1. Could you state the accessible area per residue of region 100-146 in Å², with a 1.4 Å probe and every protein chain left in place?
2. Dividing the Cα convex hull volume of region 121-257 by residue count, how many Å³ per residue is that?
3. Dipole size in debye (nearest 20) for region 176-257 around its Cα centre, Lys and Arg Cβ +1, Asp and Glu Cβ -1?
4. Return a whole-number percent for the relative contact order of region 122-257, with Cα pairs under 8 Å and 6 or more residues apart as the contact set.
5. Would you mind computing, in nm to one decimal, how far apart the modelled labels at Leu140 and Asp188 are, each placed 7 Å from Cα along Cα→Cβ?
6. Identify, among Leu148, Leu226, Val120, the residue whose Cα sits farthest towards the positive end of the charge dipole of region 82-239, taking +1 on the Cβ of Lys and Arg and -1 on the Cβ of Asp and Glu, with the dipole about the Cα centre.
7. Which of Val239, Phe184, Gly203 sits closest to the plus end of the dipole of region 158-257, meaning its Cα is farthest towards the positive end, when Lys and Arg get +1 and Asp and Glu get -1 on the C-beta?
8. From Cα pairs below 8 angstrom and at least 6 apart in sequence, can you work out the relative contact order of the chain, rounded to a whole percent?
Amino acid sequence: MNTAEPLDHRTAVAAESARFAGLLEGADLTLPVPTCPGWTLLDLVRHTGGAQRMFTALLRGLVQERPRSRDVEMRLPERPEGYADWLAAGADEAAEAFASTDLDAPMWVWGADGHARFWVRRMLFETLVHRFDAERTLGLPSEIDPALARDGVDEFLVNLPFAAFFAPGVTELRGAGRVQHIRFTCADADGDWLVQLRPDGFGPVRGEDGRAADATVRATAADLLLLVYGRLDRSSEAVRTDGDAELLERWFTHSAF
């Protein structure tokens, strides 16, 4: 399990949002997004900005139960050229909410960490992954800081067991009649996760660094992040997999986020 020092998620959200917004200047928002089939770049921007605004509203209210509606005031721009400023404005609103909220305060979350800080970390990787999607759409190179990527893999694996209400496939992530293990390892950073699949559920386990795994997945932190989010195929030369092929197939078929 990742034991690196905590990152400043608030600062990283601002940086990733600014980077995403900068991609939109003069961009053709009708372009299809290859990593999000059926979406245009405009759909991607609206989704990311809408998610940021929803998370901000949850933080401001420190909501204590699952909201019945995901509707938030979007204030969409009237013209395509206004979307860069619109995305940046949503990030500014988020930053204000971060600054005025006790991020250690208990609140409703859908994942593992029932505190306000969950939403800041979630917003970071929602924005970072979709920034990558935008760069792929525009044919631009992408760089992901290894420390951020490592933290993103951790965030994904820790929260995935709680995602069934919007990603029902995760209910299929079970051991095949016994307890099975997959190890995910960063090739360029201090990141190692052992995920246990039991007949009744799954999740990462701590303190099991020496345990043998039924299957292993190894890549750089950035490629591992893209892999778990379905932006990189495991057949890529950037990814090394070993062990139980059926177990790996089950994992990557049903872990779509």
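The values are calculated or read from the model by the stated rules, or taken from the named source; none is laboratory data. Just so it is clear, the structure is predicted and the values come from calculations on it, not from any experiment. FYI the Cβ positions are ideal-geometry reconstructions off the backbone, even for glycines, and counts take in every protein chain you see. Heads up: the accessible areas ignore ligands, DNA and RNA and are worked out on the full protein's heavy atoms, side chains in. Shrake-Rupley method; radii C 1.70, N 1.55, O 1.52, S 1.80 Å.
1. Dividing the accessible area of region 100-146 by its residue count gives 37 Å².
2. 110 Å³
3. Roughly 200 debye, rounded to the nearest 20.
4. 25 percent
5. 2.0 nm
6. Of the candidates, Leu226 comes out farthest on the positive side.
7. With unit charges placed on the Cβ atoms, the residue in question is Gly203.
8. 20 percent.
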